[in-house]
1. With the checklist (1) assigned to a strand (DSSP E or B); (2) within 13 Å of the chain's Cα centre (by Cα) in hand, flag the one item residue 161 doesn't pass.
2. Residues that are farther than 26 Å from residue 49 by Cβ, surrounded by fewer than 19 Cβ atoms within 10 Å (Cβ to Cβ) and in contact (Cβ under 8 Å) with a residue 24 or more places away in the chain: does the stretch 131-139 have at least one?
(Lines give C-alpha, C1' and ligand atoms only; values in the text may rest on other atoms or scores of the structure.)
Protein backbone atom coordinates (compact mmCIF):
# COMPACT_ATOMS: atom_id res chain seq x y z
CA UNK A 1 0.00 0.00 0.00
CA UNK A 2 1.43 3.31 -1.05
CA UNK A 3 1.01 6.21 1.28
CA UNK A 4 0.58 9.68 -0.11
CA UNK A 5 1.39 12.64 2.03
CA UNK A 6 -0.19 15.96 1.30
CA UNK A 7 0.94 19.37 2.49
CA UNK A 8 -1.35 22.27 3.13
CA UNK A 9 -0.33 25.56 1.47
CA UNK A 10 0.33 27.08 4.88
CA UNK A 11 2.62 24.27 6.03
CA UNK A 12 4.47 24.31 2.74
CA UNK A 13 4.85 28.09 2.92
CA UNK A 14 6.27 27.92 6.43
CA UNK A 15 8.67 25.15 5.44
CA UNK A 16 9.75 27.17 2.42
CA UNK A 17 10.37 30.27 4.51
CA UNK A 18 12.27 28.35 7.16
CA UNK A 19 14.58 26.56 4.76
CA UNK A 20 15.17 29.64 2.64
CA UNK A 21 15.82 31.74 5.74
CA UNK A 22 18.37 29.23 7.03
CA UNK A 23 20.17 29.20 3.70
CA UNK A 24 20.27 32.98 3.54
CA UNK A 25 21.52 33.37 7.10
CA UNK A 26 24.27 30.82 6.51
CA UNK A 27 25.32 32.54 3.31
CA UNK A 28 25.18 36.06 4.72
CA UNK A 29 27.41 34.91 7.58
CA UNK A 30 29.96 33.79 5.03
CA UNK A 31 29.62 37.07 3.13
CA UNK A 32 30.46 39.06 6.24
CA UNK A 33 33.60 37.01 6.90
CA UNK A 34 35.96 39.16 4.86
CA UNK A 35 39.66 38.41 4.94
CA UNK A 36 41.47 40.81 7.25
CA UNK A 37 45.23 41.32 7.05
CA UNK A 38 46.45 42.20 10.54
CA UNK A 39 48.90 44.95 11.37
CA UNK A 40 52.60 44.14 11.33
CA UNK A 41 53.74 47.32 13.08
CA UNK A 42 52.80 50.92 13.69
CA UNK A 43 55.26 53.73 14.24
CA UNK A 44 55.16 57.38 15.23
CA UNK A 45 57.54 59.68 13.36
CA UNK A 46 58.64 62.86 15.11
CA UNK A 47 59.77 65.75 12.93
CA UNK A 48 61.49 68.46 14.96
CA UNK A 49 62.50 70.44 11.88
CA UNK A 50 59.12 70.55 10.14
CA UNK A 51 60.82 69.48 6.92
CA UNK A 52 58.98 66.22 6.35
CA UNK A 53 62.03 64.01 6.87
CA UNK A 54 61.53 63.00 10.49
CA UNK A 55 64.36 62.65 12.96
CA UNK A 56 62.96 60.31 15.60
CA UNK A 57 61.00 57.06 15.40
CA UNK A 58 59.16 55.17 18.11
CA UNK A 59 57.04 52.02 18.12
CA UNK A 60 55.66 52.77 21.58
CA UNK A 61 52.15 54.15 21.98
CA UNK A 62 50.43 56.47 21.65
CA UNK A 63 50.26 56.87 17.88
CA UNK A 64 49.19 60.32 16.74
CA UNK A 65 49.23 62.86 13.94
CA UNK A 66 49.42 66.62 14.45
CA UNK A 67 51.63 69.18 16.14
CA UNK A 68 53.10 69.75 19.58
CA UNK A 69 52.88 72.55 22.13
CA UNK A 70 56.52 73.56 21.60
CA UNK A 71 55.61 75.44 18.40
CA UNK A 72 57.96 73.47 16.18
CA UNK A 73 57.50 69.68 16.31
CA UNK A 74 55.01 67.78 14.14
CA UNK A 75 54.06 64.10 14.13
CA UNK A 76 52.93 61.50 11.63
CA UNK A 77 52.06 57.81 12.01
CA UNK A 78 52.82 54.87 9.74
CA UNK A 79 51.32 51.38 9.57
CA UNK A 80 52.88 48.35 7.85
CA UNK A 81 51.34 45.02 6.82
CA UNK A 82 52.88 41.70 5.81
CA UNK A 83 50.99 40.46 2.74
CA UNK A 84 53.10 37.39 1.89
CA UNK A 85 50.47 34.89 3.08
CA UNK A 86 47.54 36.55 1.33
CA UNK A 87 48.47 36.45 -2.36
CA UNK A 88 45.41 34.44 -3.40
CA UNK A 89 42.98 36.52 -1.36
CA UNK A 90 44.50 39.76 -2.68
CA UNK A 91 44.23 38.54 -6.26
CA UNK A 92 40.56 37.57 -5.76
CA UNK A 93 39.50 40.69 -3.86
CA UNK A 94 37.56 43.36 -5.70
CA UNK A 95 38.49 46.03 -3.15
CA UNK A 96 41.00 46.38 -0.32
CA UNK A 97 40.33 48.93 2.40
CA UNK A 98 42.75 50.38 4.95
CA UNK A 99 41.10 51.34 8.20
CA UNK A 100 42.15 52.57 11.62
CA UNK A 101 40.16 53.86 14.57
CA UNK A 102 40.55 57.29 16.15
CA UNK A 103 40.94 56.94 19.90
CA UNK A 104 40.61 60.63 20.80
CA UNK A 105 41.41 64.18 19.76
CA UNK A 106 43.61 66.65 21.60
CA UNK A 107 43.38 70.41 21.32
CA UNK A 108 41.77 71.82 18.18
CA UNK A 109 42.82 69.06 15.79
CA UNK A 110 39.63 69.30 13.72
CA UNK A 111 40.10 73.04 13.21
CA UNK A 112 43.86 73.21 12.83
CA UNK A 113 44.10 70.12 10.60
CA UNK A 114 40.65 69.50 9.05
CA UNK A 115 42.22 67.08 6.58
CA UNK A 116 45.18 64.71 6.61
CA UNK A 117 47.38 63.45 3.81
CA UNK A 118 47.33 59.70 3.19
CA UNK A 119 50.49 58.28 1.61
CA UNK A 120 51.90 54.92 0.61
CA UNK A 121 55.25 53.87 1.98
CA UNK A 122 57.65 53.38 -0.91
CA UNK A 123 60.10 51.23 1.10
CA UNK A 124 57.77 49.09 3.23
CA UNK A 125 60.19 46.19 3.70
CA UNK A 126 62.36 48.48 5.84
CA UNK A 127 61.04 50.29 8.88
CA UNK A 128 63.65 50.36 11.64
CA UNK A 129 64.69 54.00 11.40
CA UNK A 130 63.03 57.32 10.65
CA UNK A 131 64.79 57.51 7.28
CA UNK A 132 62.79 54.44 6.16
CA UNK A 133 59.65 56.57 6.30
CA UNK A 134 60.88 59.51 4.25
CA UNK A 135 60.13 58.12 0.80
CA UNK A 136 56.41 58.01 0.19
CA UNK A 137 53.81 58.89 -2.42
CA UNK A 138 50.66 60.91 -1.81
CA UNK A 139 47.52 58.86 -2.49
CA UNK A 140 44.98 61.46 -1.43
CA UNK A 141 43.56 63.41 1.48
CA UNK A 142 41.10 62.37 4.17
CA UNK A 143 38.48 64.75 5.55
CA UNK A 144 38.86 64.83 9.34
CA UNK A 145 36.70 67.88 10.04
CA UNK A 146 33.99 65.81 11.74
CA UNK A 147 36.20 63.09 13.19
CA UNK A 148 35.81 62.25 16.85
CA UNK A 149 36.38 59.47 19.37
CA UNK A 150 35.71 56.13 17.68
CA UNK A 151 35.73 57.46 14.11
CA UNK A 152 36.96 54.82 11.65
CA UNK A 153 39.33 56.35 9.11
CA UNK A 154 39.26 54.46 5.80
CA UNK A 155 41.00 54.63 2.45
CA UNK A 156 40.77 52.41 -0.62
CA UNK A 157 44.23 50.94 -1.24
CA UNK A 158 43.24 48.28 -3.78
CA UNK A 159 45.61 49.37 -6.54
CA UNK A 160 48.59 49.80 -4.22
CA UNK A 161 48.23 46.38 -2.58
CA UNK A 162 47.46 44.50 -5.79
CA UNK A 163 50.46 46.02 -7.59
CA UNK A 164 52.87 45.54 -4.66
CA UNK A 165 56.16 43.84 -5.55
CA UNK A 166 57.35 43.70 -1.94
CA UNK A 167 56.47 41.40 0.94
CA UNK A 168 54.97 44.29 2.86
CA UNK A 169 52.92 47.40 2.23
CA UNK A 170 52.78 50.53 4.35
CA UNK A 171 50.77 53.70 4.71
CA UNK A 172 51.28 57.03 6.43
CA UNK A 173 48.99 59.73 7.78
CA UNK A 174 50.48 63.18 8.20
CA UNK A 175 49.35 66.78 8.31
CA UNK A 176 49.17 68.42 4.89
CA UNK A 177 51.73 70.85 3.57
CA UNK A 178 51.33 74.17 5.33
CA UNK A 179 53.29 77.28 6.20
CA UNK A 180 53.93 77.38 9.91
CA UNK A 181 52.79 80.15 12.23
CA UNK A 182 55.80 82.43 11.92
CA UNK A 183 55.53 82.51 8.14
CA UNK A 184 58.61 80.46 7.28
CA UNK A 185 58.39 77.97 4.44
CA UNK A 186 58.27 74.82 6.51
CA UNK A 187 57.02 71.80 4.59
CA UNK A 188 54.93 70.67 7.55
CA UNK A 189 53.75 73.50 9.75
CA UNK A 190 53.18 73.60 13.47
CA UNK A 191 50.52 76.29 13.82
CA UNK A 192 52.37 77.63 16.87
CA UNK A 193 49.33 78.21 19.04
CA UNK A 194 51.18 76.95 22.10
CA UNK A 195 49.01 73.85 22.31
CA UNK A 196 49.20 70.32 20.96
CA UNK A 197 46.60 69.56 18.29
CA UNK A 198 46.54 65.82 17.71
CA UNK A 199 44.57 62.94 16.28
CA UNK A 200 45.37 60.00 18.54
CA UNK A 201 44.82 56.53 17.06
CA UNK A 202 44.04 53.24 18.77
CA UNK A 203 47.22 51.22 19.19
CA UNK A 204 47.68 48.11 16.99
CA UNK A 205 44.27 48.72 15.46
CA UNK A 206 44.87 49.29 11.74
CA UNK A 207 43.81 46.56 9.30
CA UNK A 208 43.50 45.83 5.61
CA UNK A 209 40.10 44.37 4.71
CA UNK A 210 39.79 42.36 1.50
CA UNK A 211 36.18 42.66 0.34
CA UNK A 212 34.26 40.96 -1.02
CA UNK A 213 35.45 37.42 -1.55
CA UNK A 214 33.91 35.84 -4.67
CA UNK A 215 33.82 32.45 -2.94
CA UNK A 216 31.34 33.89 -0.47
CA UNK A 217 29.02 34.97 -3.26
CA UNK A 218 29.34 31.51 -4.78
CA UNK A 219 28.33 29.99 -1.45
CA UNK A 220 25.38 32.36 -1.24
CA UNK A 221 24.17 31.47 -4.73
CA UNK A 222 24.79 27.77 -4.14
CA UNK A 223 22.79 27.79 -0.92
CA UNK A 224 19.85 29.46 -2.61
CA UNK A 225 20.00 27.00 -5.50
CA UNK A 226 20.13 24.04 -3.12
CA UNK A 227 17.18 25.33 -1.12
CA UNK A 228 15.14 25.76 -4.30
CA UNK A 229 15.95 22.21 -5.43
CA UNK A 230 14.98 20.74 -2.07
CA UNK A 231 11.75 22.68 -2.04
CA UNK A 232 10.83 21.59 -5.56
CA UNK A 233 11.48 17.94 -4.69
CA UNK A 234 9.41 18.25 -1.55
CA UNK A 235 6.52 19.89 -3.43
CA UNK A 236 6.34 16.98 -5.88
CA UNK A 237 5.82 14.37 -3.15
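1. Of the numbered conditions (1) assigned to a strand (DSSP E or B); (2) within 13 Å of the chain's Cα centre (by Cα), the odd one out for residue 161 is (1).
2. No, every residue in the stretch 131-139 fails to be farther than 26 Å from residue 49 by Cβ, surrounded by fewer than 19 Cβ atoms within 10 Å (Cβ to Cβ) and in contact (Cβ under 8 Å) with a residue 24 or more places away in the chain.
Okay, residues lined up against (1) under 20 Å from residue 43 (Cα atoms); (2) touching a strand residue (DSSP E or B) at 6+ places or on another chain (Cβ under 8 Å); (3) at pLDDT 95 or above:
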{"site": "99", "(1), (2), (3)": "yes, yes, yes"}
{"site": "106", "(1), (2), (3)": "yes, yes, yes"}
{"site": "133", "(1), (2), (3)": "yes, yes, no"}
{"site": "143", "(1), (2), (3)": "no, yes, yes"}
{"site": "155", "(1), (2), (3)": "yes, yes, yes"}
{"site": "158", "(1), (2), (3)": "no, yes, yes"}
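The values are calculated or read from the model by the stated rules, or taken from the named source; none is laboratory data. No experiment lies behind these values; they were computed from the predicted model shown. All Cβ positions, glycine included, derive from the backbone under ideal geometry; neighbour counts span all protein chains shown.
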